[in-house]
Amino acid sequence: MSHFYFSLTNPEVELLLKKEMSIGYPNLKLSYSRPGFLTFKAENSVLFNPWMSRLSGICLGKKTLGELSSLSKAWLWKRLDSFTAPDELVALSEKSLFKIGEKVTLIMMVGENEYWLGEYILKRSHFQTPGEESSIQKREVPSRAYYKIAEAYEAFDLPMDYEEKVLELGSAPGGASLFLLDQELKVIGVDPAEMDKSILAKRNFKHIRKPFETLNAENFQEDIDWIVSDVNLPPTVVVKEVERFLTFLEPRGLVLTLKLNQDRYLRMLKPIVESFRKKGFTQVELKYLPSHRQEIALIALR
C-alpha cells in the first residue's frame with residue numbers, strides 16, 4: 001500500500017528541499033507539485049519531517065468541494081492570496097480551533113477549484129496558523145532579520161527576560177536588534193558596517209564596530225545571556241565562531257540563522273545540532289521559518 005506525504009515550503013527553497021529528500025528520504029518519490037506545494041509517495045510508512053518544509057504531514061489526496069463539505073473541523077490554507085475560497089471553507093477554518101498535540105486537518109487550496117487534504121500533529125513550535133503562515137505584522141524595519149528573529153521568538157516562546165544581554169553577531173543594519181530592543185533586552189551589536197540611526201539612538205544598544213572574529217574575552221566585562229546571529233556567512237564559519245565564543249561566554253541560549261546556499265551544507269546540519277548538545281544545550285532544534293529563503297533557524301537552550 002502506498003503512502004503519500006505533503007510539504008509546504010517557500011518556492012525559492014524547493015531545490016534544497018528536493019536535495020534534502022534525496023539525502024534523508026531516498027525511498028520517497030516526488031508525486032505532484034505546484035510552487036510551494038509538493039507531495040511525495042512512499043511504499044512504506046515513514047516519519048516525514050523534512051527540515052526545509054515550513055509544514056509537512058500526511059497527504060490524503062485531492063478532494064472535491066462536495067467531499068470537503070462533510071468536514072466538521074479544518075483549517076484552510078491558500079497557496080496564493082489571490083485565490084478566492086468558497087465562503088463555507090473560510091467560515092469552517094475561522095471557527096476551527098486545535099490544541100497542541102491534536103491532529104490538524106488541513107485543506108490546501110493549491111489552485112482555483114483545486115483542493116488537497118492533509119493531516120499533521122500540532123506542535124508547540126508551530127505558529128497555530130493554517131499552513132504555518134507568519135502571524136508577525138508587517139512594519140517598517142531596517143532589514144528582513146527583524147521578521148526572522150520575531151518568528152523564532154514566537155515559535156519557540158523564547159524565554160528572554162527583561163534587560164537580559166544579547167550579543168548579536170553581524171548586527172547591521174539592525175533588523176534583529178530592533179526586535180530584541182522592543183522586547184526590552186540589552187543588545188550588543190557587533191558589525192563593522194553602519195547601524196541604522198534609529199537603532200544607535202536606543203538606550204539599550206551598544207555598537208562594537210569591529211568584525212566579530214576579532215573579539216575575545218577581554219571585550220566582555222559582563223555576562224552574556226544570548227547569542228544571536230543572522231550573518232551572511234557559511235554555517236561552518238558561523239558555528240566555528242560561536243563555538244569560540246562559548247569558550248569564554250556562557251549564554252543560556254543561541255538563535256542562529258544558518259545560510260544554506262550550497263547543497264553540501266544540508267549534510268552538516270545534523271552534526272551541528274549534535275555538537276551544540278554536547279556543549280550543554282539541552283534543547284537544540286532546527287526550524288524553517290515563514291520568512292526564510294535558503295536558510296534555517298537553529299535554536300539552542302540550556
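Based on the Kirkwood radius over alpha-carbon pairs, what value in µm²/s does the Stokes-Einstein equation return for the translational diffusion coefficient of the chain at 20 °C and 1.002 mPa s? Could the numbers behind the result be given before it?
Details: Rh = 20.7 Å.
Using the Kirkwood radius from Cα pairs, D works out to 104 µm²/s.
For the set LYS19/LYS78; LYS165/LYS259; LYS41/LYS278, the pairs lying more than 29 angstrom apart at their alpha carbons are LYS41/LYS278. The alpha carbon centroids of segment 147-209 and segment 226-285 are separated by 18 Å.
Across segment 187-193, coupling constants 3J(HN,Hα) worked out from phi with the 6.51/-1.76/1.60 Karplus curve, θ = phi - 60°, read 10, 9, x, 10, 5, x, 7 Hz, and Gly and Pro carry x. In sequence order, segment 143-148 has phi-based couplings of 6, 5, 4, 4, 5, 5 Hz under the Karplus curve 6.51 cos²θ - 1.76 cosθ + 1.60, θ = phi - 60°, and Gly or Pro positions carry x.
So which GluC sites (Glu not before Pro) in segment 1-95 pass both tests, a DSSP loop state and at most 15 other Cβ atoms within 10 Å of the Cβ? Let's see the in-between values first.
Details: sites: GLU12, GLU14, GLU20, GLU43, GLU67, GLU88, GLU94; in loops: GLU43.
Sparse-neighbourhood loop GluC sites (Glu not before Pro): GLU43.
Within segment 3-132, DSSP assigns beta bridges of which about 90% are antiparallel (rounded to the nearest 5).
Loop-only chymotrypsin sites (Phe, Trp or Tyr not before Pro) in segment 150-201, please: DSSP not H, G, I, E or B, and at most 12 other Cβ atoms within 10 Å.
Hits after loop and neighbour filter: TYR162.
Put a plus charge on the Cβ of each Lys and Arg, a minus charge on the Cβ of each Asp and Glu, and nothing anywhere else: the dipole of the chain about its Cα centre is then about 680 debye.
Stokes-Einstein D for segment 184-302 at 37 °C, 0.692 mPa s, Kirkwood Rh over Cα pairs, in µm²/s? Walk me through the numbers before you get to the answer.
Values: Rh = 15.4 Å.
The calculation lands on 214 µm²/s.
Ordered by packing density, taken as the mean number of other Cβ atoms within 10 Å over each peptide's residues, highest first, how do 49-57, 239-247 rank?
On the way: 49-57: 21.0, 239-247: 16.7.
Ranking the peptides 49-57, 239-247 by packing returns 49-57, 239-247.
Taking amide H as placed 1.01 Å from N in the peptide plane, the amide H of ILE224 sits under 5 Å from that of GLU250, each at least 5 places away or on another chain.
Computed from the coordinates by the stated procedures, all read-outs in this text should not be read as laboratory data. The shown structure was predicted, so the numbers you read here are calculated from the model rather than taken from an experiment. Neighbour counts run over all protein chains shown; Cβ positions are idealised from the backbone, glycine included.
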